[in-house]
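Okay, structure first, notes after.
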Amino acid sequence: MTARLADIAAQAGVSEATVSRALNGKPGVSSATRQAVLTALDVLGYERPTRLRERRAGLVGLVIPELENPIFPAFAQVIETVLAQHGYTPVLCTQTPGGVSEDEYVEMLLERGVSGIIFISGLHADTHANPERYHRLRERRLPIVLINGYLTGVDAPFISNDDVASMELAVGHLVSLGHTRIGLAVGPQRFLPVIRKIAGFTQSMKAMLGVDSVDELVECSLFSVEGGHAAAGALIDRGVTAIVCGSDLMALGAVRAARSRGLAVPRDISVVGYDDSSLIAFTDPPLTTIRQLVLAMGHAAVRALIDEVAGVPAPRAEFVFRPELVVRASTGPVRGA
């Protein structure tokens with residue numbers, strides 16, 4: 001049966017314009033009003049529009065890069081828990097090298113009629129990727145939230161850790177221990193969080209130590225134990241006494257690189273990680289690191305998505321969370337100080 005707006009409006013007790021906005025997924029309609037309109041459709045015997053019918057299950061896609069880095073399962077656990085508390089069922093999509101791509105996962109999620117998608121460190125963080133994929137999702141009025149990455153002009157809320165402040169905390173801690181020759185080991189420079197970390201590191205080294213150029217103090221590699229090992233090895237060979245890493249996994253690789261050269265951590269070289277992922281407090285030595293506020297960021301992402309789904313757009317801005325320095329046993333005074 002073809003739905004008549006007048007009949008639906010009378011049954012739901014709202015205006016025809018409100019019915020039209022609700023059925024077309026337009027903003028400005030509360031969740032209670034939208035539900036009243038859908039209930040009116042059911043009472044009158046009309047079929048719900050396909051898009052709305054498919055999304056009744058409350059599925060939300062969660063796209064993450066991998067599971068090997070513990071920070072991503074940590075984000076997934078928080079977000080899945082909060083989604084479940086609000087009656088949504090998360091659909092976890094994990095990428096692997098040579099496996100299903102982000103775009104392929106998105107197509108699969110669209111076919112299943114998800115209510116929205118949360119992306120963590122996805123292609124929105126890659127400055128070489130085409131942002132058009134996210135514009136297309138918004139053109140379909142699909143709510144999306146993007147974590148740790150930012151794209152100017154994309155109609156969506158962004159949730160990010162403050163990478164510049166992270167470097168300020170790490171460098172400031174090492175300077176307080178007497179280090180002046182500090183290196184930075186990070187991932188590929190095409191990723192926006194890496195670009196921001198390098199910028200923050202550069203600013204901090206200039207402000208705190210008067211270092212004008214950090215070119216030989218920055219080594220880009222892979223976000224992995226092996227990548228950290230390679231980057232740290234190069235920095236150690238250049239005479240650094242401390243290394244700030246772009247992830248906890250890279251920091252573990254840096255510890256391995258120091259030990260392979262007969263150096264002790266932190267007696268001979270200090271190492272700072274990034275993320276404060278699970279079990280890092282129990283490594284040998286327990287790792288000093290920069291803690292991302294995963295719980296707060298996860299809650300903010302879900303809240304923004306739920307508002308989007310309810311037709312109440314979240315502010316179009318990047319919500320930046322200031323991290324915390326967690327001091328453990330992988331950093332110490334510079335040798336001879």
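No lab work stands behind these numbers, since they all come straight from the coordinates. Please read all numbers here as calculations on a predicted model, not as lab measurements. With ideal geometry, Cβ positions are generated from the backbone for all residues, glycine too; neighbour counts draw on all protein chains shown.
Would you work out the charge dipole size for the range 5-54 about its Cα centre, treating the Cβ of every Lys and Arg as +1 and the Cβ of every Asp and Glu as -1, and quote it to the nearest 20 debye? Before the final figure, lay out each step's value.
Values: 6 positive and 5 negative charges, 46 e Å.
Computed about the Cα centre, the dipole is about 220 debye.
Would you grab the residues whose amide H sits under 5 Å from the one on Phe321? Only those 5+ places off in sequence or on another chain, please, with H modelled 1.01 Å from N.
Ser160, Asn161, Asp162
So what is the relative contact order of the chain, in percent, for Cα pairs below 8 Å that sit 6 or more residues apart?
Numbers: 662 pairs, mean separation 59.4, N = 337.
Once normalised by length, the contact order is 18 percent.
Within 10 Å, count the other beta carbons around each residue, average over each peptide in 269-281, 298-310, and list them highest first. Before the final figure, lay out the partial values.
Numbers: 269-281: 23.6, 298-310: 21.3.
So the order, starting with the most tightly packed, is 269-281, 298-310.
Enter the angle in degrees (range 0 to 90, nearest 10) between the Cα long axis of helix 192-209 and the first principal axis of the Cα atoms of the chain, meaning the one along which they spread out most.
40
What shape does the chain take by its C-alpha gyration tensor, where a ≥ b ≥ c are the square roots of the eigenvalues and a/c under 1.5 counts as rounded, a/b above b/c as prolate, and the rest as oblate? Walk me through the numbers on the way to the answer.
On the way: a/c = 2.99, a/b = 2.80, b/c = 1.06.
Since a/c reaches 1.5 and a/b is larger than b/c, the shape of the chain is classed as prolate.
Kindly express, to the nearest 10 degrees and within the range 0 to 90, the angle between helix 71-85's C-alpha long axis and the longest C-alpha principal axis of the chain.
Between the helix axis and the principal axis of the chain, the angle is about 30 degrees.
Please give the calculated 222 nm ellipticity per residue for the chain, where each DSSP H segment of at least 4 residues contributes -39500 (n - 2.57) and the sum is spread over every residue; nearest 500 deg cm²/dmol? If you can, show how the numbers build up before the last one.
Working: 12 runs with 142 residues, N = 337.
Taken over the chain, the calculation gives -13000 deg cm²/dmol.
To the nearest 10 degrees, how steep is helix 31-44 against the longest Cα principal axis of the chain, on a 0 to 90 scale?
Approximately 40 degrees, to the nearest ten.
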